[in-house]
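Reading through the structure tokens given below for one structure.
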Amino acid sequence: MRTLNVNLEDRSYPIYIGSDVSLDNELYSKHIKTKKIALITNEQIADLYLSEITQTLNAFDLKTLVLPEGETEKNLETVGKAVEFLSDNGIDRDSSIIAFGGGVIGDITGFVASSYMRGISFLQVPTTLLAQVDSSVGGKTGVNIKTGKNLIGAFYQPSAVIADTRYLNTLEPNRFSEGLAEVIKYGLIRDKDFFVWLGKNTSRILTLEPEVMAHLIERCCQIKAEIVSEDEREGSVRAILNYGHTFGHAIESLTDYNVYTHGEAVSIGMVMAASMAERMRMLTQSDKKDITNLLESVNLPTKKPDLNSNDFLESMKRDKKVQDGEIRLILLEGIGKAIISNDYPNEILMKTISE
């Protein structure tokens with residue numbers, strides 16, 4: 001088992017990484033104060049793994065809420081359903097909730113935990129690659145509304161993250177690939193050597209070699225933990241974690257969240273951001289080609305869908321990084337070096353979203 005920490009003073013917490021770590025009942029006991037706990041998961045994960053995690057948690061009085069699968073469940077109606085479930089089952093202020101699933105379950109559960117009784121403890125047990133390397137770490141929680149993604153939410157840190165690499169063996173290929181979009185993002189924004197390592201180890205990653213996957217997840221979590229420790233609430237440097245996301249969220253929103261997975265949209269968004277940086281002579285043509293090639297080598301899309309450019313721009317203006325009406329973009333000055341910028345020619349932005 002590999003262990004690293006997110007250092008946030010009194011809100012610091014560990015990340016446990018390895019095969020079978022989710023079956024270690026002592027890890028849960030270390031971070032749960034009371035006997036009565038709740039677990040929130042989805043139908044797919046429940047079918048595969050609910051019985052074994054229930055057995056692991058047999059020392060607790062466990063109440064389980066199983067939600068339908070999918071991004072469309074990430075809404076206020078689901079939050080209301082979850083809050084009623086907790087209340088009906090006597091979950092109190094000292095209880096804990098376990099988020100057992102991918103990014104959607106983690107976002108919903110974290111937001112519910114942040115608001116139920118003004119905040120109760122929760123643990124993340126992420127089951128997808130995307131959740132293990134990204135969404136389970138850092139405390140961002142939230143749900144979508146019609147006008148945009150994650151527009152209602154809170155910064156609320158978990159008590160612990162338990163990332164069991166074994167769950168990746170039952171992940172559908174497209175869900176695994178979408179997680180690799182976030183993995184590649186870390187190399188692009190902070191660690192060129194890691195980006196190069198990913199390119200050299202693509203075949204080993206796609207065959208889920210255990211040691212390779214453990215290293216991959218650990219390095220991603222290290223980078224995110226470093227950034228979150230510097231800037232917990234995205235006042236400055238943490239915004240670079242959104243590389244590709246301003247474009248990607250617009251793609252998701254304009255296609256009603258049912259054409260691309262989050263990671264697929266981010267993959268396209270990263271290429272769009274690279275194209276913009278290339279036009280601004282910040283990024284070389286060779287670097288942009290390397291980015292595109294690596295994304296395509298792990299079966300991710302890189303071409304923008306045909307969407308109305310004015311609608312695209314309006315969707316980008318609803319991004320949470322907008323300040324005084326100006327869209328702040330995360331751009332690359334080279335592989336491994338990201339900057340936050342609102343100093344770019346508008347015509348280059350329009351050309352990027354129109355091509």
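The values are calculated or read from the model by the stated rules, or taken from the named source; none is laboratory data. All values reported here derive from a predicted model rather than from experimental measurement. Using ideal geometry, Cβ is built from the backbone for each residue, glycine included, and neighbour counts are taken over all protein chains shown.
Here are the criteria: (1) within 25 Å of ASP319 (Cβ to Cβ); (2) in a strand (DSSP E or B). Tell me which single one ILE108 does not satisfy.
Unmet condition: (2).
Tell me which of these GLY90 doesn't satisfy, since it passes every other one: (1) in a strand (DSSP E or B); (2) on the phi > 0 side of the Ramachandran plot.
Status for GLY90: all satisfied but (1).
What single numbered condition from (1) under 19 Å from the mean Cα position of the chain (by Cα); (2) surrounded by fewer than 24 Cβ atoms within 10 Å (Cβ to Cβ) fails to hold for GLN132?
Just one mismatch for GLN132, condition (2).
Among the residues in segment 136-159, are any part of a helix (DSSP H, G or I) and either of a type in the set (Gly, Ala, Ser) or at negative phi (or both)? I'd like the intermediate steps shown before the answer.
Of segment 136-159, the ones part of a helix (DSSP H, G or I) are none.
Scanning segment 136-159 turns up no residue that is part of a helix (DSSP H, G or I) and either of a type in the set (Gly, Ala, Ser) or at negative phi (or both).
Exactly one of (1) assigned by TED's automatic domain parsing to the domain that holds ILE335; (2) surrounded by fewer than 21 Cβ atoms within 10 Å (Cβ to Cβ); (3) among the β-branched types (Val, Ile, Thr) is unmet by VAL183. Its number?
Failed condition: (2).
When segment 182-222 is examined, which residues are found to be of a type in the set (Val, Ile, Thr) and closer than 26 Å to THR170 by Cβ?
Across segment 182-222, the qualifying residues are VAL183, ILE184, THR202, ILE205, THR207, VAL212, ILE217.
For segment 96-126, enumerate the residues that are touching a residue at least 60 places away in the same chain (Cβ under 8 Å) and out of contact with any Leu (no Cβ under 8 Å at 6 or more places or on another chain).
GLY101, VAL104, THR109, SER121, LEU123, VAL125
Every residue in segment 323-355 that is touching a Phe, Trp or Tyr at 6+ places or on another chain (Cβ under 8 Å), of a type in the set (Val, Ile, Thr) and closer than 20 Å to GLU234 by Cβ, please.
ILE330
Go through (1) buried (at least 20 other Cβ atoms within 10 Å of the Cβ); (2) within 30 Å of MET282 (Cα to Cα) and name the single condition PHE176 misses.
Condition not satisfied by PHE176: (2).
Can you tell me which residues in segment 43-72 are within 20 Å of THR261 (Cα to Cα), in a helix (DSSP H, G or I) and modelled with pLDDT of 95 or more?
Those that are within 20 Å of THR261 (Cα to Cα), in a helix (DSSP H, G or I) and modelled with pLDDT of 95 or more: GLU43, GLN44, ILE45.
Could you give me the residue pairs with C-beta distances under 7 Å whose first residue belongs to segment 204-233 and is without any contact (Cβ under 8 Å) to a residue 24 or more places away in the chain, whose second residue is among the polar types (S, T, N, Q) wherever it lies, and which are 6+ apart or on separate chains?
Note: pairs meeting the criteria are VAL212/ASN201.
Between a residue in segment 51-72 that is within 18 Å of SER95 (Cα to Cα) and any residue that is among the basic types (Lys, Arg) and modelled with pLDDT of 95 or more, which pairs come within a Cβ distance under 7 Å, given they are 6 or more apart or on different chains?
These pairs meet every condition: PHE60/LYS35; ASP61/LYS35; ASP61/LYS36.
Of all residues in segment 309-322 being over 16 Å from GLU234 (Cβ atoms) and without any contact (Cβ under 8 Å) to a residue 24 or more places away in the chain, which is surrounded by the fewest Cβ atoms within 10 Å (Cβ to Cβ)?
ASN310
Counting only residues that are part of a loop (DSSP other than H, G, I, E, B) and surrounded by 23 or more Cβ atoms within 10 Å (Cβ to Cβ), how many does segment 198-256 have?
2
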